[in-house]
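The values are calculated or read from the model by the stated rules, or taken from the named source; none is laboratory data. Bear in mind the structure is a predicted one, so any value in this text is a computation, not a measurement. Counting neighbours? That spans all protein chains shown, and the Cβs are built from the backbone with ideal geometry, glycine included.
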Amino acid sequence: MPREFRQRYLRLLPAVDRILLEKSLAGIEEEVPRALIVEAVKEVLAEKRSVISRAAAEKELELLDVSSPALAGEALERIKEKMEYNLRPVFNATGVLLHTNLGRAPLAAAAVEAVKGVGASFSNLEISLHSGKRSSRYEHVEELLCRLTGAEAALVVNNNAAAVFLALNSLAAGKEVIVSRGELVEIGGSFRLPEVMASSGASLVEVGTTNKTYTGDYKKAIGEKTALLLKVHTSNFKVLGFASAVSASALVRLGKDYGLPVMEDVGSGVLVDLSRYGLPYEPRVQDSVAAGVDVITFSGDKLLGGPQAGLIIGRKKYIDRIKSNQLMRALRVDKLTVTALEATLRLYLDEKKALREIPVLRMLTVPGEVLQRRAEALAAELRKKLAGEWEIDILHEKSRVGGGSLPLVSLPSSQISLGLKGVNAGELAQRLRKAKPPVIARVKRQRVLLDLRSLREEDDKELLETIVRTFSSSGMGKNGGGS
Ligand SMILES: *Cc1c(COP(=O)(O)O)cnc(C)c1O
């Protein structure tokens with residue numbers, strides 16, 4: 001039964017048109033569609049009506065400001081939210097360099113510039129500027145890929161899963177592919193090699209055991225229906241201890257004996273020798289080419305540090321067969337991918353430049369001391385600028401590469417550990433996620449951890465300002481209390 005005071009408050013609510021006249025809203029009509037402004041105002045009014053109707057006592061409504069300027073102000077906040085892009089840049093403070101949920105590799109500045117140019121314009125995507133005739137979009141990167149890897153031919157598709165699928169479909173549909181049991185991997189929950197193989201039309205012949213496979217195991221399995229010997233880089237785990245796998249070169253020798261092509265899915269696709277930068281040696285794409293592997297597939301957005309793409313390189317006769325597959329059209333990359341990939345690959349022509357300018361490589365190779373120095377500088381500023389009962393420390397936990405790459409590598413890193421008395425760490429992390437720009441952090445033992453390994457040095461200042469602004473505006477940085 002409606003009480004008198006509720007009716008009174010409901011009558012106080014201004015009309016939609018009245019609120020729309022407020023300066024704060026009238027001023028944005030140029031940039032914001034009117035329908036969106038009206039919608040926001042109606043939402044605010046509906047919310048107030050609901051608060052009023054639910055109030056049990058008049059006291060609960062004492063602080064309710066239903067003046068037209070106040071409601072316009074609230075509507076404006078909603079409008080700002082609605083106008084924001086859903087997909088936007090975030091700070092990756094997780095310490096995981098290649099985080100599939102965070103979009104894997106950030107692009108190098110040169111790649112972004114190139115995408116801006118080609119994206120906003122017409123381009124010579126499939127026309128030869130030399131002859132004026134039709135050409136292929138893959139030509140823009142094929143020569144570069146061959147030069148960098150030593151392969152005879154190259155091709156690009158949507159991602160590495162597509163690359164594996166297309167290669168198997170082109171070279172082994174209706175036939176058998178021999179693969180070691182220890183290499184039947186699942187990556188990121190959605191890419192299971194046996195399932196990709198099954199949908200490609202090739203049938204899988206598993207050989208060996210989980211921990212040991214010998215050349216003889218492949219040999220015994222070779223028969224009339226065999227089309228391909230496959231090797232898969234177990235990029236997200238390693239079998240340690242009593243284990244042995246057949247090397248690419250041994251498989252190539254066997255393939256030669258039987259006239260069978262050998263394919264290797266190397267997964268991450270490293271082009272530089274990481275052991276020169278203090279990391280464990282990780283086989284490079286060039287090593288597979290040099291070993292004589294006929295078809296090699298890898299991702300563009302893992303350790304290569306480029307856009308999402310699946311790269312297929314190898315012997316011309318096999319790459320040509322893959323290129324002529326009708327499914328190629330369904331898996332083809334768009335011009336923005338080709339552009340970003342070309343710009344990224346060009347950086348590799350000078351290895352020093354690649355290390356300096358490709359964000360993933362830089363983050364991977366930055367010395368632990370540098371991260372420690374940055375963490376200390378940031379922590380000192382936070383201690384100064386966040387008032388209240390904050391606990392701000394520095395930890396030195398290891399960070400991981402992620403994205404199914406270099407599973408055993410843990411990188412020395414530094415983390416800023418944040419805690420606020422009386423506030424749940426999960427809530428602090430949520431505030432950071434809702435910051436502008438969002439900060440994605442880890443929560444561990446009731447602390448929010450900001451790992452420097454996956455943050456770019458040039459972003460440190462903006463990160464600091466974002467954290468301070470976020471906690472201050474929520475009242476958390478001021479009095480040490482909750483929201
Ligand atoms: C990551 C990975 C894939 C899948 O690559 P996407 O580019 O994510 O499609 C396939 N094989 C291996 C060995 C991988 O590491």
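Do the conditions hold for Ser299, that is, is it touching a His at 6+ places or on another chain (Cβ under 9 Å) and within 19 Å of Leu345 (Cβ to Cβ)? Spelling it out, it is not the case that Ser299 is touching a His at 6+ places or on another chain (Cβ under 9 Å) and within 19 Å of Leu345 (Cβ to Cβ). Here the range 326-369 is the region considered, the condition is being over 15 Å from Ser454 (Cα atoms) and in a loop (DSSP other than H, G, I, E, B), and the residue that is modelled with the lowest pLDDT is Arg332.
Lys220 meets all of the listed conditions (1) exposed (fewer than 14 other Cβ atoms within 10 Å of the Cβ); (2) touching a residue at least 60 places away in the same chain (Cβ under 8 Å) but one, namely (2). A residue that is within 24 Å of the chain's Cα centre (by Cα) and under 18 Å from Val293 (Cβ atoms) can be found somewhere in the range 166-174. Being of a type outside the set (A, V, I, L, M) and under 30 Å from Leu331 (Cβ atoms) is a condition met by at least one residue of the range 68-85. Would a scan of the range 35-53 turn up a residue that is outside any helix (DSSP H, G or I) and surrounded by 12 or more Cβ atoms within 10 Å (Cβ to Cβ)? No: zero hits.
Specify which of the listed residues (His130, His140) is part of a loop (DSSP other than H, G, I, E, B) and closer than 29 Å to Val289 by Cβ.
Working: His140 fails: part of a loop (DSSP other than H, G, I, E, B).
Of the residues listed, the single one that is part of a loop (DSSP other than H, G, I, E, B) and closer than 29 Å to Val289 by Cβ is His130.
With respect to (1) crowded, with 19+ Cβ neighbours inside 10 Å; (2) of a type in the set (S, T, N, Q); (3) farther than 30 Å from Val115 by Cα, the lone exception for Ser244 is condition (1).
Val293 falls short on exactly one of the conditions (1) in a loop (DSSP other than H, G, I, E, B); (2) β-branched (Val, Ile, Thr); (3) more than 27 Å from Leu97 (Cβ to Cβ), and that condition is (3). Number of residues in the range 336-361 that are crowded, with 17+ Cβ neighbours inside 10 Å and either basic (Lys, Arg) or touching a strand residue (DSSP E or B) at 6+ places or on another chain (Cβ under 9 Å) (or both): the value is 5.
Does Leu449 satisfy being crowded, with 19+ Cβ neighbours inside 10 Å and touching a Pro at 6+ places or on another chain (Cβ under 8 Å)? Reasoning before the result, please.
Numbers: crowded, with 19+ Cβ neighbours inside 10 Å: yes; touching a Pro at 6+ places or on another chain (Cβ under 8 Å): no.
Judged against the criteria, Leu449 is not a match.
Among the residues of the range 363-395, those that are farther than 17 Å from Leu428 by Cβ and either surrounded by 18 or more Cβ atoms within 10 Å (Cβ to Cβ) or of a type in the set (D, E, K, R) (or both) comprise Met363, Leu364, Val366, Glu369, Leu371, Arg373, Arg374, Ala375, Glu376, Glu381, Lys384. Put simply, of Phe122, Phe91 the only residue that is closer than 30 Å to Glu31 by Cβ, in contact with a strand residue (DSSP E or B) (Cβ under 8 Å, 6 or more places away or on another chain) and not small (Gly, Ala, Ser) is Phe91. Taking the range 193-286 and the strands (runs of 3 or more DSSP E) fully enclosed by it, the elements with 2 or more residues that are among the acidic types (Asp, Glu) and within 16 Å of the ligand (Cβ to nearest atom) are at 262-267. Screening Leu406 on (1) buried (at least 22 other Cβ atoms within 10 Å of the Cβ); (2) touching a strand residue (DSSP E or B) at 6+ places or on another chain (Cβ under 7 Å) shows it passes everything except condition (2). Where strands (runs of 3 or more DSSP E) fall entirely within the range 370-483, those with at least 1 residues that are away from the ligand (no atom under 16 Å from the Cβ) and farther than 19 Å from Gly95 by Cα are at 390-395, 415-420. Of the residues making up the range 178-211, those that are over 31 Å from the mean Cα position of the chain (by Cα) and either closer than 27 Å to Asn101 by Cα or at pLDDT 80 or above (or both) number 6.
Each residue in the range 77-107 was checked for being under 22 Å from Ala429 (Cβ atoms) and in a helix (DSSP H, G or I), and 4 of them qualify. Among the residues in the range 159-167, are any part of a loop (DSSP other than H, G, I, E, B), over 15 Å from Ile319 (Cβ atoms) and not β-branched (Val, Ile, Thr)? Looking for residues that are part of a loop (DSSP other than H, G, I, E, B), over 15 Å from Ile319 (Cβ atoms) and not β-branched (Val, Ile, Thr), one finds at least one in the range 159-167, hence yes.
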